[in-house]
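Down below is the structure, laid out as structure tokens.
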Amino acid sequence: MQLNLQTRIQTVINWIGNVEGLNLNRDQLWWLFDNTTPTQKLIEGYNNGDFSDEDCSELIKSMTSAHSKQEWEVNEPRAEYIDQIETIRVYLEHRHSDYGEAAQYLSAILPLLIDADEFTNE
């Protein structure tokens with residue numbers, strides 16, 4: 001169910017108030033307001049006890065990075081690709097019961113990205 005902006009903002013603000021020690025920057029806060037589906041999943045996961053208060057800051061950091069638009073250009077350093085995939089892998093590992101297989105797949109392809117003979121921009 002898609003919530004209107006005012007409801008989404010209120011839901012996020014109420015949730016932030018419940019998470020002890022959560023420290024968000026402005027960009028992370030706006031990301032939570034603008035990205036309804038992943039934010040709802042985050043809140044549901046938290047409410048279900050899938051992760052603790054301490055996990056939330058790291059998860060939001062990983063989510064905003066993983067969901068940010070990337071310019072995949074040929075001259076982009078491999079390290080940036082590797083960092084992006086590692087960020088996604090760490091996020092998925094936090095939700096191992098749901099995404100463990102995907103996290104294992106990303107772990108398996110990281111060595112291929114690191115090996116210059118195997119790496120391509122595809």
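Which length gain, in nm to one decimal place, applies between E86 and T37 when the Cα-Cα distance is subtracted from 0.36 nm times their residue separation? Let's see the in-between values first.
Working: separation 49, 0.36 × 49 = 17.64 nm, distance 2.19 nm.
Result: 15.5 nm gained on full extension.
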(Q) Run the simple label-point estimate for T7 and E44 please: 7 Å along Cα→C-beta, distance reported in nm. (A) 1.5
**Q.** Protection proxy ranking of 27-33, 59-65, 45-51 - average other beta-carbon atoms within 10 Å, highest first
**A.** 59-65, 27-33, 45-51
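Coordinate-derived values only; no laboratory data. All of these numbers come straight from a predicted model, not from anything done at the bench. Heads up, the Cβs are rebuilt from the backbone with ideal geometry, glycines too, and the neighbour counts pull from every protein chain shown.
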